[in-house]
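Undergrad: What follows is a single structure, and I will ask about it in a moment.
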Amino acid sequence: MRFESLVIHGYKEVALGEKDVSPAIHLTTTFERERDGSYPEGYSYTRRENPNRTTLEQTLALIEGGAEAAAFASGSAATAAIFMALKAGDHVIAPNDAYYGTGVILREVFARWGLAADFVDMTDLAAVKAALRKETKLLWVETPSNPLMKVTDLAATADLAHGAGALAVADNTVASPALQSPFQHGFDMVLHSTTKYISGHSDVLGGAVIARETGNDAFTRVRHVQHAVGGVPSPFDCWLALRGLKTMALRVERQSENALAVAAFLAKHKFVEKVYYPGLPGHPSHALAARQMKRFGGLLSFQVRGGEAEAFAVAAEVGMITRATSLGGVESVIEHRASMEGPGTRTPANLLRLSVGIESAEDLIQDLDQALTTAYA
Ligand SMILES: *Cc1c(COP(=O)(O)O)cnc(C)c1O
């Protein structure tokens, strides 16, 4: 099956002999044993396994083109599980503009446990190479990055990681499996915050780690962390993520079309200084993005003329667009990113991040135009 069919029909291949067209929700923490002590369906306790979670995991593995997946209660819980699979003394290289929370997890949680991390500009391959050491066990790539929309060469970074004997892990949240396949470029594991494009409706948190091949030792440890530590999603969370997933191909197509139209409009606006969107021909990595992405996605950022006050003023004037954090939902949301990220942020003070939804592009452009015009009047 092709991607558009797989997001809808993938789960039928893994459902437990159900005839439900929409899968049943298994709201149980525990499963009955047979008289001989066995568990014929393989399910014993929901922290370890639940049919809704298995269905979601196997569907995510299918659509990402991987072999197996582990679902978590959030993208951050999934990220932490990957670092828990390493040990004290190991070294991680991560992008200096990684998702803000990923940097927090490495610097504030795992540094105290002896996991070393260096943060580099992933678009500078010489810098990545220079940061590799013999203790480097994992290279973390996130492309496009957020909120500066830098594009990292997936094939080149996977090669660098493997040349040093390190695991190549891609946070594929911003592109989504609809647009980009890190496994095709040699990555070993993919991380998703399923909260974003996969679920798509701003109503459920979730995360997943997907392995390209079975028998990956690091993934075996991630699975053990999932079972033992238990940062798992509820059966209903899994059901919601799977329901959202069914429309992902359509949503991301529309979001990408809308974002391109909005980015082109903003790039010409007199109150806008700079637009960050890989779909614009002027983006420094436009050609690379065109090679490794099917479309350019629904996320963009722009700097307005002036500073933080002007950025807040523009955000204050939007009407249809919602002022909120997060991304990947059907509704467009705008956010002053630096104030959300907090101390140590590298995000410019006059930057607004826009997650473009599936509304009418004309309405989005009209709303942004009136917000900009009113804010600078
Ligand atoms: C949101 C996000 C995360 C964290 O996911 P949560 O579900 O919020 O914990 C990680 N990486 C990226 C790129 C994200 O956008």
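Undergrad: Residue check: is Arg291 more than 15 Å from the ligand (Cβ to nearest atom), farther than 19 Å from Val252 by Cβ and of a type outside the set (S, T, N, Q)?
TA: Values: more than 15 Å from the ligand (Cβ to nearest atom): yes; farther than 19 Å from Val252 by Cβ: no; of a type outside the set (S, T, N, Q): yes.
No: the conditions fail for Arg291.
Undergrad: Here's something else I'd like to know. Given the conditions (1) buried (at least 22 other Cβ atoms within 10 Å of the Cβ); (2) of a type in the set (A, V, I, L, M); (3) under 19 Å from Ile82 (Cα atoms); (4) within 16 Å of the ligand (Cβ to nearest atom), which single one is not true for Met122?
TA: Tallying (1) buried (at least 22 other Cβ atoms within 10 Å of the Cβ); (2) of a type in the set (A, V, I, L, M); (3) under 19 Å from Ile82 (Cα atoms); (4) within 16 Å of the ligand (Cβ to nearest atom), Met122 fails exactly one: (3).
Undergrad: Go through Val314, Val275 for me and flag whichever is under 16 Å from Ile365 (Cα atoms), touching a helix residue (DSSP H, G or I) at 6+ places or on another chain (Cβ under 9 Å) and not in a strand (DSSP E or B). Step through it out loud before you land on a result.
TA: Values: Val275 fails: not in a strand (DSSP E or B).
Exactly one residue qualifies, and that residue is Val314.
Undergrad: Here's a follow-up. Residues to consider are Ala94, Ala98, Ala88, Ala77; find the one that is in a strand (DSSP E or B) and closer than 24 Å to Arg221 by Cβ.
TA: Details: Ala98 fails: in a strand (DSSP E or B); Ala88 fails: in a strand (DSSP E or B); Ala77 fails: in a strand (DSSP E or B).
Answer to the check: Ala94.
Undergrad: On to the next question. Looking at (1) over 24 Å from Leu62 (Cβ atoms); (2) assigned to a strand (DSSP E or B); (3) within 16 Å of the ligand (Cβ to nearest atom); (4) not aromatic (Phe, Trp, Tyr), which one does Arg107 not meet, given that it meets all the others?
TA: Looking at each condition in turn, Arg107 falls short on (2).
Undergrad: A further question on this structure: Hey, Asp203 hits all of (1) more than 13 Å from the ligand (Cβ to nearest atom); (2) more than 26 Å from Lys294 (Cα to Cα) but one; which does it fall short on?
TA: Asp203 satisfies all of (1) more than 13 Å from the ligand (Cβ to nearest atom); (2) more than 26 Å from Lys294 (Cα to Cα) except (1).
Undergrad: Could you tell me which residue of the stretch 286-311 is nearest to Thr247 (Cα to Cα), considering only residues that are touching a Leu at 6+ places or on another chain (Cβ under 6 Å) and in a strand (DSSP E or B)?
TA: Leu299
Undergrad: Exactly one of (1) near the ligand (Cβ under 10 Å from one of its atoms); (2) charged (D, E, K, R); (3) surrounded by fewer than 23 Cβ atoms within 10 Å (Cβ to Cβ) is unmet by Asp90. Its number?
TA: Result: Asp90 fails condition (1) only.
Undergrad: Select from the stretch 317-342 the residues that are within 15 Å of the ligand (Cβ to nearest atom) and part of a strand (DSSP E or B) and write down the one among them that is nearest to Ala175 (Cα to Cα).
TA: Only one residue fits best here, namely Val333.
Undergrad: Filter the stretch 10-37 for residues that are assigned to a helix (DSSP H, G or I) and surrounded by 13 or more Cβ atoms within 10 Å (Cβ to Cβ); which is modelled with the highest pLDDT? Before the answer, list the steps.
TA: Residues of the stretch 10-37 that are assigned to a helix (DSSP H, G or I), as a first pass: 10-13.
Narrowing further to those that are surrounded by 13 or more Cβ atoms within 10 Å (Cβ to Cβ): 10-11.
Details: Gly10: 86, Tyr11: 78.
Among those that are assigned to a helix (DSSP H, G or I) and surrounded by 13 or more Cβ atoms within 10 Å (Cβ to Cβ), it is Gly10.
Undergrad: Is one or more of the residues making up the stretch 203-222 surrounded by fewer than 16 Cβ atoms within 10 Å (Cβ to Cβ) and closer than 25 Å to Leu364 by Cα? So that I can check it myself, show each step before the final result.
TA: Filtering the stretch 203-222 for residues surrounded by fewer than 16 Cβ atoms within 10 Å (Cβ to Cβ) gives 203, 213-215, 217, 220.
If we keep only those that are closer than 25 Å to Leu364 by Cα too, we end up with 203.
Checked the stretch 203-222: at least one residue is surrounded by fewer than 16 Cβ atoms within 10 Å (Cβ to Cβ) and closer than 25 Å to Leu364 by Cα.
Undergrad: Output the number of residues of the stretch 176-200 satisfying the condition of being in contact with a Lys or Arg (Cβ under 9 Å, 6 or more places away or on another chain) and within 16 Å of the ligand (Cβ to nearest atom).
TA: The total comes to 11.
Undergrad: Would you confirm whether or not the stretch 123-134 contains a residue that is touching a residue at least 40 places away in the same chain (Cβ under 8 Å) and under 18 Å from the mean Cα position of the chain (by Cα)?
TA: In the first step, residues of the stretch 123-134 are kept if they are touching a residue at least 40 places away in the same chain (Cβ under 8 Å); the result is 123, 133.
Cutting the leftovers down to under 18 Å from the mean Cα position of the chain (by Cα) gives us none.
No, that holds for no residue.
Undergrad: Another question, then. Evaluate the stretch 40-52: report whether one residue or more is within 16 Å of the ligand (Cβ to nearest atom) and part of a loop (DSSP other than H, G, I, E, B). Show your work before the answer.
TA: Taking the stretch 40-52 first, the residues within 16 Å of the ligand (Cβ to nearest atom) are none.
Looking for residues that are within 16 Å of the ligand (Cβ to nearest atom) and part of a loop (DSSP other than H, G, I, E, B), one finds none in the stretch 40-52, hence no.
Undergrad: Still on this structure, I have one more. Report whether or not Thr194 is without any contact (Cβ under 8 Å) to a residue 60 or more places away in the chain and among the β-branched types (Val, Ile, Thr). First the steps, then the outcome.
TA: Working: without any contact (Cβ under 8 Å) to a residue 60 or more places away in the chain: no; among the β-branched types (Val, Ile, Thr): yes.
Taking the combined requirement at face value, the residue does not satisfy it.
Undergrad: What number goes with the only condition from (1) surrounded by 19 or more Cβ atoms within 10 Å (Cβ to Cβ); (2) closer than 15 Å to His91 by Cα; (3) among the charged types (D, E, K, R) that Asp153 does not pass?
TA: (2)
Undergrad: Conditions first: (1) surrounded by fewer than 20 Cβ atoms within 10 Å (Cβ to Cβ); (2) within 24 Å of Ala81 (Cβ to Cβ). Ala290 passes all but one, so which condition is the exception?
TA: It fails just one condition, (2).
The values are calculated or read from the model by the stated rules, or taken from the named source; none is laboratory data. Predicted, not measured: the structure shown is a model, and the values here were computed from it. For neighbour counting, all protein chains shown are included, and Cβ atoms are generated from backbone atoms with ideal geometry for every residue, glycine included.
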